Amino acid sequence: MGIVMWRLGGERFRAAAVAWGPVAGPFKIAVAGEPRNRDLYFHALAPFATDLSTAVRAAADDRVARTRGSRTDRLPANGLQLVVANRSTVGALGLLGRYLAYLSDRSGVSPDPNLMEAGKHLRFYARHSRTPGQALIVPLDRLLSEHWATLLSPLEQANLAALDAQIEPGRGVHAFEASAAAERIARIGPEPTEDIDRVTTELVEAFNEDRAGSVDPAVVTPLLEPISAHYRALVEPVWALIGRSVSRERGLPAAPSVAGRFESDREAFGRHVDWVSDGGRYRTTDTPRQAAMTLRRLEQARSRYEAERAIEDPACMVPYLLDADAIRGTVTNLNEDHRTVVRVRAVQRPLLTLDTDDPIVLPAGKKLWWTAAAHDAPWEVVSVTRHAAGSRAVLMLTTVARNDRLPALRGRATFSTLRTRSEGFPLALATAPPWTHQPERPPAAPEPIDAGDAETPAAAVDGSAVADPEAYR
Amino acid sequence: MAKRSRSGRTTSKNEALAAVRGNAPKASPNVRRLAAFAKVHSCPTAVLAFAAGVDSNRVLTGTRLEMPFGQSPFAIGRGVAFENLLRQHGHAELRRVLTEGLEVDFALAPVENLRQGFQPNRTGLTMRASVTKNHMKEIVTGLPRPIVLDGAVLRAEVGGITAFFEADEMAIGVGGEILVGENKSWPVVDGRPTDADALGSALDQAATYALLGRRTLAEVGVDPDRVSGDVVIVTPRNTGLSPVLHRQNVDGRIRRIERLLAAVPAVSDIAEDLPAGLSFDPVADTSADDDARLDAFAEITDQVGNVYEPGSCLTSCGFAWACRECAFGRGDPAVAGGSVARALPGVATLRRVSELGRGAPPSVAEAPAAGPIARAGRLYDEAVPVPAPRRRRPA
Amino acid sequence: MIRAGAAPSPFDAAVVDAAAAVQDEIRRDLLARVGEQAAVVAAAPAGAGKSYFVVETIGHLREQDLRVAVVAPTNEQVHSLVERITSVFPGTPVSFVHAQGRALPLAIAARPGVSQPSAREARDNRDRLVAATIDKLADAHLRDGLGEFDVLVIDEAYQADAARYYTAADVASTHLLVGDSGQLDPFSTLDDPTFWRGGAEDPLQTAVGVLLRNHPSTRVHQLPITRRLDPRAVPIARSFYPDHHFDAAVRPGVRQLRLDRPGPGTRSFASIDRALNEAADHGWAYVTLPGAAVVMADPATAEVMLNLVTRLIARTARATCENRRGFEVLRARDIAVAVSHNDQKDLLRAIFDDAGLGAVTVDTANRLQGLTYEVVVAWHPLAGATVTDAFHLDPGRLCVMLTRHRQACILVGRDTDRVLLDGVPPATPGYLGWDPDPVLDGWDAHELVFELLGPHHVTA
């Protein structure tokens, strides 16, 4: 599902427009008119919330069994993947989720449970986006930056249109000129520019005047048309850009490790949906235990993702070769039957000689993994000597020979410090925090997130009407 | 005699800088411009524009290299409304947050609004600065209760130009100290600002006021440390505009701003070395065509020099797109960012990077980087074979 | 027996006594709190003799027959503690509980009193003194119920993070945290390690940090002594401990480094020899090459560093100190070369090995933490840099490089490095509830160090 959001300028919790739908297909759009009015806002967001929750639950319903050892889990066969234009949109959806999931009652009336459920889902997606290698929510600026080499600096890479233009500039146009032109024209959101919101200001003011305080859909809906048209026109190019980027990426083969990482995503997705369906609630901030567990989980995901990328894509291995975290060369000798003594017994430990193209420096005893067996046991460096233009390294496998553990004689092989099976054991975290991690004074109860909804929306003020508009940035 | 000739020379220096500015849009120093200047202070063109009071954000208006700039009226309106909210009903909300946040009772504290009753020009600012200074002096006498100044003004010499800096609030007499405060209308949610870098900017701004406050006290012979190294940031919490106060220490930032102010070159130093006829005037001339204006800008950067680094320039200077285009035209590796450029010392163009990557012999200057580049080229060629370049250069 | 004409003590009695007084105070404080949920923090500058203090304190606790668990972040650190315990208190029973494949080196394991029980055995026997890594003790506590100690002693508490501390904190209600605040902070590979920064739940704050955050009244004692560094090194070391006063235990003149005269035919090494003379005379030398556009692993800088070590050995460097009678020739393994980056390390390792100097330690600051050498040659973190950034300004890195040595430390850089600090420090993000600013602190420390190195400057 693709999602495009345009916020009301400066309003972190107010989506002036949300568009959603299947990535290649038509989008639906939710426009509140005056998103700072709670009734109008909720009424407009309801179809989005419903569609999102329905799609999430449908994806989570279809389960498959996965057995690991003695344990069988039921994971969703697929997860609902959200595709957005940039990381800012992920953050914006996260804030929207933070808001919707914790809405408080107004004069005894509970908020729409649909909205609250959608809020929980959005918040889950935003938090899950921190996991390296995850693909449940895909900000395309990150996807394209990670998979394409361009001359854009990191800051410029946050602009999807510029990235897209660099990748496919069009016939006869230089990539640089194409991306500079794209930056000038493209408006991607979620934060609107001055000229966009100058139009919005007029439309919203007219809208508010015409509805004269009414929130009755019968009155309001016909009045929304100009604002809807305004946002539809802003969404369409972004939607097309998302569609184009996704279809281009789909044309490229997925790496073998994608399935494994997405399995972790599906697992997290399934757990989340189960939690929400069972009426579970989430804390607004992490406990020390949750933070520690998240830290460990993210670190492990990161090292796994980095290893998988470099191992599967030779271009991604180059930086490791340059940093001497990996070596590459030709296998000039392979002694499968080599034996060594380990604790009074002679055991089989294959010995391999690798002639590298470039000189290398490695201490004896350093452990390296052959990239084709990065999930398996490492090789240990026995010796490194100068040889021709490069070096000659002798490596010893730290386990017995087996066909899938041995590179071919006279073939090329890469060995690196990257491994795909996670090391280290899980942190032993007791559920109750120790006294050291408990504050002396319990923290104050958090304020409700939506306390400010009752306020009258501030009047828009054009930059030309103020002496120093930058003072308000 | 000496006095007259000295003042005569100063005037001609100011005239020289006025000539540099011409009719280009003006901008006098304030906290935000100072912060932007910090990011580009090693670029001679940016320095010249800053010292000459040129608004780099607006000079290229109307050309194809004009950078988007400006904020949504809703965002500005929110900021205005937040300020008004703090001031309503005798500054009720301001008093409330100060009381809660500083644990000192501000309910009956006198709050003087210096934004009202003064002319909105330099004269008014000068007077507000004077009023602020007089109130600050009272810290030594020991006040029965704190005084709050809304819109305190601090005067500073920035590169020889007198500039006025407006602090959102200044609380005088909190535990014997003066605390400065800055209001921002972005919210804090679950104890974190929604904009991570925005908090750093806000703290830098408040630190600027604290530094200038200390200098003001020093001018009148009061211990400058009576201005606290803690500052106050007032933001809304969650949705709506209901304010909450955050108190942070900014001693390090104060030291940083001090160095920043010292890095602004004196008017006199620049004026002396200026090539004759150099001016932003033709660059800002909206009646001229794009090419003429951009050529005039290139004239300036050629004569004075410039330093392009995307991460710093694109977020702080309105000339960044123009400089980027020039950098691209030269094939400068800087277009890819500072970290890329730093990995290629001595290699002047991207074309050379490409050639060195194919094993071309390096010049003396290129020698340090040539080895790693050639190696990288070989490794990438093995990993991702690409067709040879279409054009072959003679050896 | 008092010998007539016996030499005066090499130690400054005032400094040593002051340190002893603080150590006594720490122990009094700690013993008074046994049984309570309370902690005591001992902040020690580099080379304070922290591990010795930890071991002695354990001795005091054991005298009271208290059950003690002592932990540190890494295996090497714990091995070293066990070794120390058996040296200072030979025969005292100490149980080393370890993860699979992490047993003690045979020499230590063989000492009387040392055992390596499983967690369950240690629990069932109610072993009185248990040593382990933080991770292993936490695992043993949660899974096997090893706990109910009277005191938990954590060494290197400023290098342990709050997440680890959480896991082990419940093994005892009373804690002693000992560490060096000047060295490198806990590190994470996360893309966004500052996600939780400022919050009480931040798992990446230091163990001391989370303790003080939740229990601000916890007393932090400062050891006012360094035993590794001599009086000439202290002023520069103090740059990294702004609010912590300390002095050298040894008197001036106790540590001496002597070199043969350069001799004929060594004119090409004139500046290297000048630098070595400066280092021998003053304990510091700062060698700079002319500014140039260079890659990080710059061969010219590496060559200067190789020449410094080669000449040091060629001129038969010999040292005396409070532990020696007379001068002893410096061995290659008494020398360390400190760098910031792995590619600098790899380059140096290759040229040092080629020159037959394989016994000289070459490593990054991260891996040199806690170690001691006679002479250190350090690759200045800002050498050849054109801009400053958080990594290179990190005061912890520079602190480690400049506080490993007992005799002399020689820094190598370029003459344009110092000029970088004439500019403006980079802008930094802010975090609510978290005041420290490592970039700005690093800037200040670097500036101070450049200033203090000024008198020892030699151009290459």
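Taken together, the values in this text are just the output of simple stated rules run on the coordinates, not laboratory data. Being a predicted model, the structure only gives us computed values, none of them experimental. Cβ coordinates were reconstructed from backbone atoms using ideal geometry, including for glycine residues, and neighbour counts include every protein chain displayed.
In straight Cα distance, which lysines are under 18 Å from B:Lys26, not counting same-chain residues fewer than 8 positions off?
Counting by Cα, and skipping residues close in sequence, B:Lys26 has these lysines nearby: B:Lys13.
Calculate the FRET efficiency for C:Arg219 and B:Asn134 from the Cβ-Cβ distance with a Förster distance of 41 Å, rounded to the nearest 0.05.
0.40
Modelled label-to-label distance, A:Asp337 and A:His375, 7 Å Cα→beta-carbon offset: nm?
Roughly 3.1 nm, to one decimal.
How many nm separate the modelled label positions at B:Ala383 and A:Asp105, each set 7 Å beyond the Cα in the direction of the Cβ?
6.0 nm
How much net charge surrounds C:Ala14 when only the other residues with a Cβ under 14 Å from the Cβ of C:Ala14 are counted, with Lys and Arg +1 and Asp and Glu -1?
Net charge around C:Ala14: -2.
For the residue pair C:Ala32 and A:Asp468, what label-to-label distance in nm results when each label sits 7 Å from Cα along the Cα-to-beta-carbon direction?
Modelled inter-label distance: 5.3 nm.
Return the Rg/Rh ratio of the stretch A:1-72 with Cα-based radii and a Kirkwood Rh.
Details: Rg = 17.1 Å, Rh = 14.2 Å.
Dividing the radius of gyration by the Kirkwood radius yields 1.20.
Using Stokes-Einstein with the Kirkwood hydrodynamic radius over Cα pairs, what translational diffusion coefficient do you get for the stretch A:317-416 at 37 °C and a viscosity of 0.692 mPa s, in µm²/s rounded to a whole number?
Stokes-Einstein gives a translational diffusion coefficient of 243 µm²/s.
Output wanted: per-residue J couplings in Hz (rounded whole) for the stretch B:336-351, from phi through Karplus 6.51 cos²θ - 1.76 cosθ + 1.60, θ = phi - 60°, x for Gly and Pro.
7, x, x, 5, 5, 4, 6, 7, 10, x, x, 9, 7, 9, 5, 4
Once you wrap a convex hull around the alpha carbon atoms of chain A, what is its projected area averaged over all directions, in nm²?
31.7 nm²
Report ³J(HN,Hα) in whole Hz for each residue of the stretch B:183-195, in order, from the Karplus equation J = 6.51 cos²θ - 1.76 cosθ + 1.60 where θ = phi - 60°; Gly and Pro get x.
9, 9, 9, 7, x, 9, 10, 6, x, 10, x, 6, 10
For the stretch C:301-384, give the share of DSSP beta bridges that are antiparallel, in percent and rounded to the nearest 5; count only bridges with both residues there. Please list the in-between numbers first.
On the way: 2 of 10 bridges.
Of those bridges, close to 20 percent are antiparallel.
So what's the projected area for the protein assembly as shown, the Cα convex hull averaged over all directions, in nm²?
59.9 nm²
How large is log10 of I(q)/I(0) for chain C at q = 0.07, 0.14 Å⁻¹ when the intensity is taken from the Debye formula with one equal scatterer per alpha-carbon?
-0.38, -1.39
If amide hydrogens are placed 1.01 Å from N in the peptide plane, which non-local residues have theirs closer than 5 Å to the one on B:Val188?
Amide H neighbours of B:Val188, under 5 Å, 5+ apart: B:Arg237, B:Asn238.
For the stretch C:35-172, what is the Kirkwood estimate of the hydrodynamic radius, computed as the reciprocal of the mean inverse distance between distinct Cα atoms, to one decimal in Å?
Mean inverse Cα-Cα distance, inverted, gives 14.8 Å.
Considering amide H positions built from the backbone, and no H for Pro or chain starts, which residues 5 or more places from C:Asp247, or on another chain, come under 5 Å of its amide H?
Counting only residues 5 or more places away or on other chains, the set is C:Ile225, C:Thr226.
Can you give the mean number of other chain Cβ atoms that lie within 10 Å of the Cβ atoms in peptide A:290-299?
Whole-number average of other-chain Cβ neighbours for A:290-299 is 6.
Give the residues of the stretch A:183-226 whose amide nitrogen is closer than 20 Å to a point set 7 Å from the Cα of A:Asp39 in the direction of its Cβ.
Within reach of a label on A:Asp39: A:204-225.
Around C:Arg414, which amide H atoms from residues at least 5 apart in sequence, or from another chain, sit under 5 Å from its own amide H, with H modelled in the peptide plane?
C:Leu289, C:Gly384
Quick check: the angle from helix A:38-61's long axis to the longest principal axis of chain A, C-alpha only, nearest 10 degrees?
30 degrees
Please report the orientation-averaged projected area of the stretch A:2-284, defined via the convex hull of its C-alpha atoms, in nm².
The directionally averaged projection comes out at 17.1 nm².
Evaluated at 4 °C with a viscosity of 1.567 mPa s, what Stokes-Einstein diffusion coefficient in µm²/s does chain B have when Rh comes from the Kirkwood expression over alpha-carbon pairs?
Numbers: Rh = 24.2 Å.
After rounding, the answer is 54 µm²/s.
Evaluated at 20 °C with a viscosity of 1.002 mPa s, what Stokes-Einstein diffusion coefficient in µm²/s does the stretch C:150-253 have when Rh comes from the Kirkwood expression over alpha-carbon pairs?
Translational D for this selection: 138 µm²/s.
Of the listed pairs C:Lys50/C:Lys345; A:Lys120/B:Lys39; A:Lys28/B:Lys39; A:Lys367/B:Lys39, which have alpha-carbon separations greater than 32 Å here?
As for pairs spanning more than 32 Å Cα to Cα, those are A:Lys120/B:Lys39; A:Lys28/B:Lys39; A:Lys367/B:Lys39.
Starting at the first residue of the stretch C:182-197, write each ³J(HN,Hα) from the Karplus equation 6.51 cos²θ - 1.76 cosθ + 1.60 with θ = phi - 60°, in whole Hz, x for Gly and Pro.
In residue order, the calculated couplings are x, 8, 5, 6, x, 10, 9, 8, 4, 5, 10, x, 8, 3, 9, 4 Hz.
Using the Cα centre of the protein assembly as shown as the reference point, and only Cβ charges (+1 on K/R, -1 on D/E), how large is the resulting charge dipole? Debye, rounded to the nearest 20.
For the protein assembly as shown, the charge dipole is close to 3360 debye.
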